[in-house]
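See structure below.
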Amino acid sequence: VKRPSGMSSLLGKIGAKKQKMSTLEKSKLDWENFKEEEGIVEELAIHNRGKDGYIERKAFLERVDHRQFEIERDIRLSRMKP
């Protein structure tokens, strides 16, 4: 294994660009730090698991929408002439 040495290695380290953090990554990091500083990590986890959680509400709305579609479909099919 050949290791770069000398001036080219030094220039490579100096010239290497530092990767920039995206806005989304920065926001995620800020949110994680805020949750830890305020001590609300467990409270948020408990809240999101309950019936008031976003995922539960979304699943509920999808089930209601699907059930309504089935009811309307059954009505349309029953009105069709054989």
Return the pairs, sorted by first residue and then second, in which the second residue is among the small types (G, A, S), the first residue lies in the range 53-74 and is outside the structural domain of E42 (by the TED database), the beta carbons are less than 8 Å apart, and the residues are 6+ apart or on different chains.
E56/G50
Total residues in the range 20-40, condition surrounded by 11 or more Cβ atoms within 10 Å (Cβ to Cβ) and either of a type in the set (V, I, T) or touching a residue at least 12 places away in the same chain (Cβ under 8 Å) (or both):
1
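The values are calculated or read from the model by the stated rules, or taken from the named source; none is laboratory data. These numbers come from a predicted model, not from an experiment. Positions of Cβ are backbone-derived with ideal geometry, glycine not excepted, and every protein chain shown enters the neighbour counts.
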